[in-house]
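Participant: Got a structure here, written out as structure tokens. Questions coming.
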Amino acid sequence: MKIALIGYGKMGKMIEQIALDRGHEIVSIIDIDNQADFESEAFASADVAIEFTSPTAAYGNYLKAFSKGVKVVSGSTGWMKEHGDDVRRMCTEEGQTLFWASNFSIGVAIFSAVNRYLARIMNQFPQYDVEMEETHHVHKLDHPSGTAITLAEDIVANIDRKTAWAEDTTEPSLLRVDHIRRGEVPGIHTVRYDSDADIITITHDAHSRKGFALGAVLAAEYTHEHQGLLTISDMFKF
């Protein structure tokens, strides 16, 4: 498979190595200083582009890739509120393909399924209050993380006593989501259900970013054979 990389930071470089190890070809690498390469024949020859940039750049990158008929796998967050409807229309009505996930880790996909299942169970037990905490490296500027937001939205969707999530809240009807930034932590997400009698805790603790990078390449392999607006739940049937 021919892969283009959009964004060549730590994650882009790790994705490159894993893709090469799995027998794929990197035909184009686009970063901030060579944006003109979106118009190159090399980029247009890609089967899939893997995009890890910033919330402000992601939507524009999708449009540039779609204009060349290149499918996109993206882990960029923060664009959905403003551009989600446009992307959904392009993928459902105009034949474009985007595989989007807030986190590509296989472990996080499993953790997310457990989180949804546990929330459905805990909906029956109002004596338990639920809260979430996410920890990442000091270089991460956004908070809460995209993964935390996805996990929180799944909890709110399954627990009737929570109407929305919020940071720094004491409102009982809101799911509290806290964030911590320290060291070089790749990512820790913890959900706690606390009652007077006991506490139930589930945690995903990433050892490195390698799991995210591998998941992105697996998503590219899946995207090569599929089309439309794709997610982790399409690739993994939990």
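The values are calculated or read from the model by the stated rules, or taken from the named source; none is laboratory data. Just so it is clear, the structure is predicted and the values come from calculations on it, not from any experiment. Cβ atoms come from the backbone with ideal geometry, glycine included; neighbour counts cover every protein chain shown. For the accessible areas, the whole protein counts, side chains as well, though only heavy atoms, and no ligand, DNA or RNA atoms are used. Shrake-Rupley method; radii C 1.70, N 1.55, O 1.52, S 1.80 Å.
Participant: Per 5 Å bin, what is the whole-percent P(r) computed from every C-alpha pair distance within the range 117-230?
Facilitator: For the range 117-230, the binned pair fractions read 2, 11, 18, 19, 16, 14, 11, 6, 2, 0, 0 percent.
Participant: Here's another thing I want to ask about it. Residue farthest toward the positive end of the dipole of the range 11-90, with Cβ of Lys/Arg at +1 and Asp/Glu at -1: which of Phe52, Gly75, Ile32?
Facilitator: Positive-end residue among those listed: Gly75.
Participant: Let me ask another. Provide the gained length on full extension for the span Arg192 to His207, in nm with one decimal, where the gain is 0.36 nm per separating residue minus the Cα-Cα distance.
Facilitator: 3.3 nm
Participant: Rounded to the nearest 500, what is the chain's calculated 222 nm mean residue ellipticity when only DSSP H runs of at least 4 contribute -39500 (n - 2.57) each, over all residues?
Facilitator: So the helix-based figure for the chain works out to -12000 deg cm²/dmol.
Participant: Ordered by packing density, taken as the mean number of other Cβ atoms within 10 Å over each peptide's residues, highest first, how do 166-179, 70-83 rank?
Facilitator: 70-83, 166-179
Participant: Could you size up the charge dipole of the range 1-146 around its Cα centre, putting +1 on the beta carbon of Lys and Arg and -1 on that of Asp and Glu, and report it in debye to the nearest 20?
Facilitator: Computed charge dipole of the range 1-146: roughly 340 debye.
Participant: Under 12 Å from the Cβ of Thr53, count the other residues' Cβ atoms, weight Lys and Arg +1, Asp and Glu -1, and hand me the total.
Facilitator: -1
Participant: Moving on. Among Val138, Ser112, Ile3, whose Cα sits farthest toward the positive end of the charge dipole of the chain (+1 at Cβ of Lys/Arg, -1 at Cβ of Asp/Glu, about the Cα centre)?
Facilitator: Going by the charge dipole, the pick is Ile3.
Participant: Greater than 24 Å separation of Cα atoms is the criterion. Which listed pairs, Lys2/Lys237; Lys210/Lys237; Lys2/Lys68; Lys81/Lys210, meet it?
Facilitator: Lys2/Lys237; Lys81/Lys210
Participant: Give me the number: length gained by fully extending Asp21 to Lys68, i.e. 0.36 nm times residue separation minus the C-alpha to C-alpha distance, one decimal in nm.
Facilitator: Result for the pair: 14.3 nm of gain on full extension.
Participant: Read phi for every residue in the range 24-40 and hand back ³J(HN,Hα) as whole Hz from Karplus 6.51 cos²θ - 1.76 cosθ + 1.60, θ = phi - 60°, with x for Gly and Pro.
Facilitator: Working through the residues one at a time gives 8, 10, 8, 9, 7, 10, 10, 10, 4, 9, 9, 4, 4, 5, 4, 8, 7 Hz.
Participant: Something else: What is the distance, in nm, between label points placed 7 Å from the Cα along the Cα-to-Cβ direction at Ile32 and at Thr92?
Facilitator: Between Ile32 and Thr92, the simple spin-label model gives 3.6 nm.
Participant: Multiply the residue separation of His143 and Gln127 by 0.36 nm, subtract the distance between their alpha-carbon atoms, and state the gained length in nm to one decimal.
Facilitator: 2.9 nm
Participant: Continuing with the same structure: Rank these by accessible area, largest first, 1.4 Å probe: Thr201, Thr150.
Facilitator: Thr201, Thr150
Participant: Can I ask one more? Provide the descending list of Cα extents for the range 173-230 along its principal axes, expressed in whole angstroms.
Facilitator: Principal-axis extents of the range 173-230 (Cα, largest first): 50, 30, 18 Å.
Participant: Over the Cα atoms of the range 25-113, what Rg and Dmax result, in angstrom?
Facilitator: Reported Rg and Dmax, both Å: 13.5, 40.
Participant: Related question: HN-Hα J couplings of the range 113-119 from phi, Karplus 6.51/-1.76/1.60, θ = phi - 60°, integer Hz, Gly and Pro as x?
Facilitator: 5, 5, 4, 5, 5, 5, 4
Participant: Hey, what's the chain come to in accessible area per residue, 1.4 Å probe, Å²?
Facilitator: Solvent-accessible surface per residue comes out at 49 Å².
Participant: For Ala157 and Glu39, what is the calculated FRET efficiency with R₀ set at 35 Å and r taken between the beta-carbons, to the nearest 0.05?
Facilitator: 0.25
Participant: In the chain, carbon and sulfur make up what percent of the accessible area (probe 1.4 Å)?
Facilitator: Its accessible area is 52 percent carbon and sulfur atoms.
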